[in-house]
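Reviewing the structure listed below.
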Amino acid sequence: MYNEIDLDIIEINSEPPTEEPFRQYYFMAKCRRWVKDFEQKNGRLPKSFVLNMGCQMNARDSEKLAGILEQAGFLEALDEHADFVIYNTCTVRENANLKVYGHLGLLKHEKKSNPHMRIALCGCMMQEPEVVEKLKKSYRFVDLIFGTHNIFKFAELLAATLESREQVVDIWDGTDEIVEDLPVERKYPFKSGVNIMFGCNNFCSYCIVPYVRGRERSRRPEDILREIETLAEDGVSEVMLLGQNVNSYGKTLQEPVSFGELLRRVEQVEGIKRIRFMTSHPKDLSEELIQVMKESKKICRHLHLPLQSGSTRILKAMNRKYTKEQYLELAERIRREIPGISLTTDIIVGFPGETEEDFLETLDVVKKVQYDNAYTFIYSKRTGTPAAAMENQVPEAEVKSRFDRLLALVQENARAQTARFADSVQEVLIEEVNEHDSSLLTGRMSNNLLVHFPGDTSLIGSIRKVRLEVCKGFYYMGTLLENAPQESKTPSRL
Ligand code: 5AD
Ligand code: SF4
């Protein structure tokens with residue numbers, strides 16, 4: 001819809017509309033006016049920089065921020081040498097917060113050399129009241145602070161910030177509102193994240209996400225499908241459906257729809273060749289989903305299934321609602337039903353009260369499931385979560401030693417799992433020029449593995465066949481099969 005709205009004919013001297021998304025288009029038009037005035041005064045367009053510091057959900061939100069800045073007329077900067085800098089923050093672990101404060105130190109310095117500069121912070125970390133208090137008190141040079149619930153109001157907040165020199169702070173405790181049809185500036189022309197739900201109701205005892213992202217809300221299937229159809233028309237061939245717990249999609253809708261059913265409908269969208277999703281909670285993974293994946297021609301052969309711990313005792317304390325045995329049974333069933341599927345996971349080490357025996361149970365699950373990859377995290381105490389108040393926090397040295405042992409095992413498995421595809425021919429979506437060697441292209445297989453091979457940049461965005469020749473541990477070097485039929489049209493924008 002947004003490409004149908006002409007911002008230049010919006011009457012910005014009248015009162016703003018109250019209805020969304022029209023209200024935001026009015027403020028985008030206001031920002032565009034500000035940009036034009038800036039250009040006249042300074043002989044150049046202002047530049048903006050959006051830094052995503054979090055997960056895929058944050059990355060998608062960052063694309064929405066970038067879309068609005070682009071509509072307003074800002075040029076995109078490659079780094080913080082810009083007139084408007086916004087950090088989309090994460091707070092899942094303490095380290096994420098420390099990183100933001102580190103960056104702010106540098107930005108303060110940058111702002112001294114650019115009097116036009118405005119600094120904004122948004123995302124999960126801003127939903128923590130102590131953080132906002134600290135920013136208000138000690139980081140007065142930050143111009144705009146807002147959270148996760150009112151990100152749809154970015155255009156309005158941007159307009160307020162550009163027009164005033166006061167610090168603008170707007171944090172909401174929660175919302176039921178889902179505003180559709182705002183502009184998005186995608187990072188890749190050929191693949192895109194698509195939010196299917198927001199928030200989380202699970203309250204795993206270590207996790208801050210339900211507090212900063214609010215209660216679970218699903219988008220209506222017709223809105224999701226309309227977005228995916230528009231993306232397909234625009235050259236997108238791969239979509240990643242995003243939610244904190246996609247397996248409980250649709251339960252809160254007026255007319256409930258299961259995640260399996262949503263996938264079936266997405267599969268029908270012409271032009272979409274690949275479907276991914278993230279993240280699945282094992283407790284809600286249905287038999288229906290396994291069958292839909294099994295029958296699908298488009299759903300990628302990859303499932304991310306966070307384990308968190310292999311000890312039933314710790315899983316209970318984490319409020320995960322499954323046992324070690326249930327998880328193992330599920331993983332085995334998935335491997336049996338969908339042969340060749342790649343399984344990946346998240347594991348936390350050092351949850352309060354974790355003993356050596358508990359940790360050995362985790363190692364046992366890792367050995368049994370043989371993950372293709374695992375993201376391993378040291379437990380981080382998050383204020384306000386039930387786990388933060390638990391006794392028996394595990395000593396740091398012990399946690400570090402367990403973490404190293406887990407990582408060694410995970411890497412050994414990942415190497416072995418990667419090697420099983422050697423000499424096969426795989427369809428890959430060619431995503432980009434290799435970062436280290438510009439004569440090579442990088443493609444992603446259905447199972448999420450990467451392969452690098454010589455090829456021409458005109459192939460970026462297409463799906464091609466590649467022979468996997470040399471296994472390099474966690475990725476492959478390969479050769480493009482030149483004569484393979486082209487499976488996907490190259491987006492016209494490339
Ligand atoms: N400490 C460490 N890791 C955490 N995660 C979530 N909360 C914490 C925490 N407090 C991890 C979980 C989750 C992933 C996104 O981050 O493994 O699946
Ligand atoms: Fe956090 Fe658990 Fe929700 Fe995932 S499912 S976001 S780990 S509370």
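Since every read-out is calculated from the coordinates, none of them should be taken as a lab result. Computed from a prediction, not measured in an experiment: that's the story for all the values here. Please note: Cβ atoms are built from the backbone with ideal geometry, for glycine as well, and neighbour counts cover all protein chains shown.
When the criteria are applied in full, SER237 fails the requirement of being polar (S, T, N, Q), in contact with a Phe, Trp or Tyr (Cβ under 8 Å, 6 or more places away or on another chain) and either within 16 Å of ligand 2 (Cβ to nearest atom) or farther than 23 Å from ILE290 by Cα (or both).
Among the residues making up the range 114-141, those that are of a type in the set (Lys, Arg), in contact (Cβ under 8 Å) with a residue 12 or more places away in the chain and not in a loop (DSSP other than H, G, I, E, B) are ARG118, LYS136.
Cβ-Cβ contacts under 6 Å between residues 6 or more apart (or on different chains), taken from a first residue in the range 419-437 that is at positive phi to a second residue that is part of a strand (DSSP E or B) and of a type in the set (Lys, Arg), are absent. Within the range 11-32, residues that are under 23 Å from ASP176 (Cβ atoms) reach partners that are acidic (Asp, Glu) and surrounded by 14 or more Cβ atoms within 10 Å (Cβ to Cβ) with beta carbons closer than 6 Å, at six or more positions or on different chains, in the pairs PRO21/ASP181; PHE27/GLU156.
The set of residues from the range 174-217 being without any contact (Cβ under 8 Å) to a residue 40 or more places away in the chain and either within 24 Å of LEU307 (Cα to Cα) or within 11 Å of ligand 2 (Cβ to nearest atom) (or both) comprises PRO210, GLU216. Only a single criterion out of (1) more than 30 Å from LYS273 (Cβ to Cβ); (2) touching a Ser or Thr at 6+ places or on another chain (Cβ under 7 Å) is not satisfied by LEU305, namely (1). For the range 281-375, the helices (runs of 4 or more DSSP H) that sit wholly inside it and include 2 or more residues that are of a type in the set (Lys, Arg), more than 16 Å from ligand 2 (Cβ to nearest atom) and more than 20 Å from GLN244 (Cα to Cα) are 324-337, 356-369. In the range 373-395, the qualifying residues are those that are within 20 Å of PRO210 (Cβ to Cβ) and of a type in the set (A, V, I, L, M, F, W, C), and the one that is nearest to ligand 1 (Cβ to nearest atom) is PHE377. If you go through the range 200-243 and pick out every residue that is farther than 30 Å from GLY461 by Cβ and among the hydrophobic types (A, V, I, L, M, F, W, C), you end up with 7. Of the residues LEU225, LEU263, LEU253, LEU242, the single one that is away from ligand 1 (no atom under 16 Å from the Cβ) and surrounded by 21 or more Cβ atoms within 10 Å (Cβ to Cβ) is LEU263.
For the range 132-166, filtered to residues that are polar (S, T, N, Q) and in contact with a strand residue (DSSP E or B) (Cβ under 7 Å, 6 or more places away or on another chain), the residue that is farthest from THR89 (Cα to Cα) is THR161. For the range 207-231, the set of residues classified as under 22 Å from ALA96 (Cα atoms) and either acidic (Asp, Glu) or in a helix (DSSP H, G or I) (or both) consists of VAL209, PRO210, TYR211, VAL212, ARG213, listed by residue number. Screening the range 43-61 for residues that are surrounded by fewer than 17 Cβ atoms within 10 Å (Cβ to Cβ) and of a type in the set (Gly, Ala, Ser) and picking the one that is nearest to ligand 1 (Cβ to nearest atom) gives ALA59. Scanning the range 101-145 for residues that are more than 20 Å from ASP83 (Cβ to Cβ), within 24 Å of the chain's Cα centre (by Cα) and aliphatic (A, V, I, L, M) returns MET125, MET126, VAL131, VAL132.
Applying the criterion of being farther than 22 Å from LEU305 by Cα and more than 12 Å from ligand 2 (Cβ to nearest atom) to the residues of the range 376-391, the residue that is surrounded by the fewest Cβ atoms within 10 Å (Cβ to Cβ) is GLU391. Of all residues in the range 175-200, exactly one satisfies the criterion of being in contact with a Gly (Cβ under 9 Å, 6 or more places away or on another chain) and on the phi > 0 side of the Ramachandran plot, namely GLY199.
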